Amino acid sequence: MQAFDVNAVDYVLKPFDKARISKAIQRARREIEAQTSPAERLEQLMNQLGGAKPSSSPPVKLLVKSQQRLLLVDGEDLVFASIQDGLISVTARDTEGTSNYRTLEEMNAALDSESFWRPHRSYLVNIHHIKEVVPWFKSSYMLKMNDKKATEIPVSRAQIRRLRELFKL
C-alpha cells in the first residue's frame with residue numbers, strides 16, 4: 001500500500017527472477033524518459049479506460065437447458081429470467097429453459113447492465129424486450145414482455161422510481 005502512496009512504477013515480490021526485475025527496470029526507464037506530468041499520465045489512463053467499451057467485448061452467451069439439450073443463447077436475446085424455488089427459468093426469443101446460474105444477481109452481473117433490470121426480486125428483464133407498461137392496482141405497474149406468451153411481470157414498489165426513470169413516466 002505504501003508503494004502506491006509514493007507513485008511506484010512497479011511492485012516486485014520475493015521470490016523474484018531476473019526477467020521480472022528486468023521488466024520492472026524497463027518500465028521505470030520508460031517512465032523517466034517520458035517525463036510526463038501526473039496530470040498527463042492520468043489523462044492517458046482515462047483515454048485508455050474510455051477506449052475499452054463493453055460493446056467491443058464479445059456478446060455474453062448463456063447456457064440454457066431445454067428438453068435435455070444444452071443451448072447457447074445470446075444475452076441480448078434473453079427476454080426475461082425468473083427464479084422460483086432456487087431454479088432460474090429463462091425465456092429467450094426462440095427458446096425457454098433453465099439456467100445454470102445460482103442467483104439472478106450472478107446472471108445480472110454477467111449480462112450488460114445497460115440492458116437488464118430487476119423490476120422485482122424474482123425477475124430480471126431485458127428492457128429492450130418490454131412491449132408494454134400496464135398500470136396496475138394502487139399506483140403499481142406490470143410489464144408485458146414480447147415473448148410468445150406476452151408474459152406479465154410485476155414491478156415492485158421499490159422499483160417504480162426506476163421504471164419512471166427508464167421510460168420517462
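The values are calculated or read from the model by the stated rules, or taken from the named source; none is laboratory data. Being a predicted model, the structure only gives us computed values, none of them experimental. Glycine gets a Cβ as well: all are built from the backbone with ideal geometry, and neighbour counts include every protein chain shown. The accessibility values were calculated without ligands, DNA or RNA, using every heavy atom of the protein model including side chains. Shrake-Rupley method; radii C 1.70, N 1.55, O 1.52, S 1.80 Å.
Output the number of residues of the stretch 82-105 satisfying the condition of being part of a helix (DSSP H, G or I) and open to solvent by less than 80 Å² (accessible area, probe 1.4 Å). Looking only at that region, the number is 1. Would you mind stating whether residue 152 is among the charged types (D, E, K, R), touching a strand residue (DSSP E or B) at 6+ places or on another chain (Cβ under 7 Å) and exposed (fewer than 15 other Cβ atoms within 10 Å of the Cβ)? Considered against the rule, which asks whether it is among the charged types (D, E, K, R), touching a strand residue (DSSP E or B) at 6+ places or on another chain (Cβ under 7 Å) and exposed (fewer than 15 other Cβ atoms within 10 Å of the Cβ), residue 152 comes out as yes. Any residue at all in the stretch 46-66 that is touching a strand residue (DSSP E or B) at 6+ places or on another chain (Cβ under 9 Å), open to solvent by 100 Å² or more (accessible area, probe 1.4 Å), within 22 Å of residue 151 (Cα to Cα) and modelled with pLDDT of 75 or more? For the stretch 46-66, residues touching a strand residue (DSSP E or B) at 6+ places or on another chain (Cβ under 9 Å), open to solvent by 100 Å² or more (accessible area, probe 1.4 Å), within 22 Å of residue 151 (Cα to Cα) and modelled with pLDDT of 75 or more: present. Among the residues of the stretch 106-144, just one is over 12 Å from the mean Cα position of the chain (by Cα), of a type in the set (Gly, Ala, Ser) and open to solvent by 40 Å² or more (accessible area, probe 1.4 Å), namely 139.
The residue pairs whose first member lies in the stretch 145-169 and is without any contact (Cβ under 8 Å) to a residue 60 or more places away in the chain and aromatic (Phe, Trp, Tyr), whose second member is outside any helix (DSSP H, G or I) and surrounded by 15 or more Cβ atoms within 10 Å (Cβ to Cβ), and whose beta carbons are closer than 7 Å, counting only pairs six or more residues apart or on different chains, are 167/133.
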